[in-house]
1. Please determine, by comparing only the residues of the stretch B:38-58 that are among the β-branched types (Val, Ile, Thr) and closer than 12 Å to B:ILE11 by Cα, which one is farthest from the chain's Cα centre (by Cα).
2. Checking A:SER122 against (1) free of Cβ contacts under 8 Å to residues at least 12 places away in the same chain; (2) of a type in the set (Gly, Ala, Ser); (3) open to solvent by less than 20 Å² (accessible area, probe 1.4 Å): exactly one of these is not met. Which one?
3. Filter the stretch B:91-113 down to the residues that are within 7 Å of chain A (Cβ to nearest Cβ) and either crowded, with 22+ Cβ neighbours inside 10 Å or modelled with pLDDT under 95 (or both) and list them by number.
4. Could you list all residues from the stretch A:43-62 that are open to solvent by 40 Å² or more (accessible area, probe 1.4 Å), more than 12 Å from chain B (Cβ to nearest Cβ) and in contact (Cβ under 8 Å) with a residue 12 or more places away in the chain?
5. Could you check the stretch A:1-42 and list, in sequence order, the residues that are more than 21 Å from A:HIS108 (Cβ to Cβ), buried (at least 17 other Cβ atoms within 10 Å of the Cβ) and in contact (Cβ under 8 Å) with a residue 60 or more places away in the chain?
6. Kindly check whether there is at least one residue in the stretch A:131-142 that is surrounded by fewer than 22 Cβ atoms within 10 Å (Cβ to Cβ), within 8 Å of chain B (Cβ to nearest Cβ) and in a helix (DSSP H, G or I).
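The values are calculated or read from the model by the stated rules, or taken from the named source; none is laboratory data. Only a predicted model underlies this, so the values are computations on that prediction, with no experimental measurement involved. A quick note on method: Cβ atoms are made from the backbone with ideal geometry, for glycine too, and the neighbour counts reach across all protein chains shown. The accessibility values were calculated without ligands, DNA or RNA, using every heavy atom of the protein model including side chains. Shrake-Rupley method; radii C 1.70, N 1.55, O 1.52, S 1.80 Å.
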There are 2 protein chains.
Amino acid sequence: MTTPSLRVLGIDPGLTRCGVGVVDVAPDRSARLVHVGVVRSSPDLAIERRLRLIADGVREVVAVHQPHVVAVERVFAQHNRHSVMGTAQASGIALLVAAEFGLEAATHTPSEVKAAVTGYGSADKAQVQAMIARLLRLDSPPQPADAADALALALCHAWRRGPAAPGASALTPAQRAWADAERRARR
Amino acid sequence: MTTPSLRVLGIDPGLTRCGVGVVDVAPDRSARLVHVGVVRSSPDLAIERRLRLIADGVREVVAVHQPHVVAVERVFAQHNRHSVMGTAQASGIALLVAAEFGLEAATHTPSEVKAAVTGYGSADKAQVQAMIARLLRLDSPPQPADAADALALALCHAWRRGPAAPGASALTPAQRAWADAERRARR
């Protein structure tokens, strides 16, 4: 019998560069790189056009790679960067696209993501990149470099989600098969 | 010859209540109410489903009322309200829908909007509501009450936009006819 794996799309939202990474995670928690890339929009364009480019780019990744679930980095107001509103808007677009494809979406904080892949919630970018290369058995860090965060999000999501809690939202058949297989692998 | 008017959709973004208001503004700056309403999403739903409800609700308003342009309230990080990220995400959805319909979108700050309809950038909600009723020649303040902000945004947009500056983005034929007529009315 083939072991089912969970395919997760991780999205590191941004207006100028929106990282997208797809991984397959097996019940034994080993992971395989499926796709990594960046959806770009030029700062010269009007905001509504930029958001449309991001929506179209994310839709294409979902259509081509058919993830089971989408994980998006959670954006905080207190980051108070000049770009935080644009980042929040891009995250809204990513979540909308998930819903349009009937997919469940989840958000994780940057420190949850860093802790999941490096064991340390304040790890720096290089450390995250190095661990992503190791965990996905890549010969070199994934390119483009800053899309490593999207892959880290996807891994974080697959690893953090335990078996569905009673009352949690219903799993799709693929998710349920994966959760069951993961439970068996843990014994 | 019929005077062309500019039809503006104003959107006051929010996750739980997203105000939408459509007005026709004539070249002499008089305005007529076309539609006012609120797109709602329940706080009990997952964020991606809420954003989808908002997208679908705004799409319906655009499809039915066919505005020439969309005006969205600008959201600031420093508002630092608990809900500011959700508001930013909803504004991103509103801007995306404009782009999907090939419409130009603009953002205006709350104080620009208040100044446009009351003459005072720090006017309170009741003052804005009262002026909207007066400007649109309504017998009573528009219902639901908090959708008055969406109508104020739409009026603000129509009144603030002067004739297109050289090098500005191209106007649609309807917008150009309106801008030309407005220039004539000003003489």
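1. Within the stretch B:38-58, the match that is farthest from the chain's Cα centre (by Cα) is B:ILE54.
2. Unmet condition: (3).
3. Selection gives B:SER91, B:GLY92, B:ILE93, B:LEU95, B:LEU96, B:ALA98, B:ALA99, B:ALA105.
4. Passing the criteria: only A:PRO43.
5. Listed by number, the list holds a single entry, A:PRO4.
6. no
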